[in-house]
Structures are given as structure tokens and as C-alpha cells.
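Could you have a look at this structure, given as C-alpha cells, before my questions?
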Amino acid sequence: MSLAAATWPEVERGGMVLVPVGSFEQHGPHLPLDTDTTIASAVAARVGARLSAPVAPPLAYGSGGEHQSFAGTMSIGTDVLRLVVIELVRSLRTWAERVVVINGHGGNMSALSAAVRQLRDEGHDVAWAACATETVDLHAGRTETS
């Protein structure tokens, strides 16, 4: 279920919520700037369907400063992404048992690791998982292109 399309009475309390996180940056000359967000959203939708878990709207802006020299790149940086994830999870956890962040951009890993560490220290059931497209081939390679 897409939380963006749901009304509040349709959303069950408890359970797990998936949050896709991507970036807005170059992916070679052939892929759209939102490729990482599209991948994270697609993975979250498939996992959500299998587990009957609702999927939050994606966080489309990530920590992409390494791509800043390319026109079109929009990055919120590591510190801001960490804080956004912390506040979002705190909000979600008022009605959801668990939150899993589905990450589509390698540059987000530091922010997500720090956010999850802090949230777990606060007692929140939260985790993150990487789509890991770049373990197969290079950035903007065959895997991301397909």
C-alpha cells in the first residue's frame, strides 16, 4: 500500500513501514536525475507488496555532494539527511512498530548509519537496507540502467 494514496483510516497501526530514500544527481548522460529514488521506490514497493507493509513517499533528496559539479544535482548533505530521517522515523514510530529505510544511493550510507544508531539508542525499532546496485557494476552502469 502506498501511504501517499491512503486515507488515515485505511492505515493500520503497528506493523512495519518502508521508507525509500534516493538522491537527485547525474547518472551518466543517459539516465534521469532521480534514478536512485526510482530504484529505491521500486524496491520498496516490491518488498511492501510481499510483506503487506505500507510504503511511505520517497525522500528524493539525499547526500550527493560528490556529484555537485554536474548540472541538475540537488543535495541536502549528510547532516540534514540524518536529521530528516531521525525526525521522520520518530514521527512514524508513533503509530508503526518498525521502520525500514530502503536506500538507493551510496552517498546516503553515512547519514543513514548515524541516524539508525541514534534512533536505536532511543529505543526505536529501525533499520536500513541498501539496494546495492553498484556492487554489481559501476554507477550508471547496466544494473541502474535496466
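Test Ala56 against the stated conditions and say whether it is surrounded by 20 or more Cβ atoms within 10 Å (Cβ to Cβ) and closer than 27 Å to Gln26 by Cα.
Against the criterion (surrounded by 20 or more Cβ atoms within 10 Å (Cβ to Cβ) and closer than 27 Å to Gln26 by Cα), Ala56 qualifies.
Which ones in the range 98-146 are part of a loop (DSSP other than H, G, I, E, B) and either modelled with pLDDT of 90 or more or within 18 Å of Val21 (Cα to Cα) (or both)?
Result: Gly104, His105, Glu122, Gly123, His124, Asp125, Cys131, Ala132, His139, Ala140.
Can you name the condition, by its number, that Ser63 falls short on among (1) of a type in the set (Gly, Ala, Ser); (2) touching a residue at least 60 places away in the same chain (Cβ under 8 Å); (3) in contact with a His (Cβ under 9 Å, 6 or more places away or on another chain)?
So the condition that Ser63 fails would be (2).
Taking interchain pairs and intrachain pairs at least six residues apart, which have beta carbon atoms under 8 angstrom, with the first residue in the range 116-127 and closer than 11 Å to Arg82 by Cα and the second outside any helix (DSSP H, G or I) and of a type in the set (Gly, Ala, Ser)?
What qualifies is Val116/Ala127.
Mind telling me which of the residues Ser69, Ser41 ends up being surrounded by fewer than 20 Cβ atoms within 10 Å (Cβ to Cβ) and either without any contact (Cβ under 8 Å) to a residue 40 or more places away in the chain or of a type in the set (S, T, N, Q) (or both)?
The conditions single out Ser69.
Which residues, taken from the range 54-78, are in contact with a Ser or Thr (Cβ under 9 Å, 6 or more places away or on another chain), farther than 19 Å from Ala129 by Cα and either assigned to a helix (DSSP H, G or I) or polar (S, T, N, Q) (or both)?
Selection gives Gly65, Glu66, His67, Gln68, Thr73, Ser75, Gly77.
While we're on this one: Of all residues in the range 9-37, which are out of contact with any Leu (no Cβ under 9 Å at 6 or more places or on another chain) and under 16 Å from Asn103 (Cβ atoms)?
Within the range 9-37, Asp34, Thr35, Asp36 meet the criteria.
How many of the residues in the range 72-90 are loosely packed, with under 14 Cβ neighbours inside 10 Å and modelled with pLDDT of 95 or more?
Qualifying residue count for the region: 2.
Return the residues of the range 1-53 that are touching an Asp or Glu at 6+ places or on another chain (Cβ under 8 Å), in a strand (DSSP E or B) and at pLDDT 95 or above; say none if nothing qualifies.
Met16
The values are calculated or read from the model by the stated rules, or taken from the named source; none is laboratory data. All figures in this text were calculated on a predicted structure; none of them were measured in a lab. Don't worry about glycine lacking a Cβ; one is built from the backbone with ideal geometry, like all the others, and counts go over all protein chains shown.
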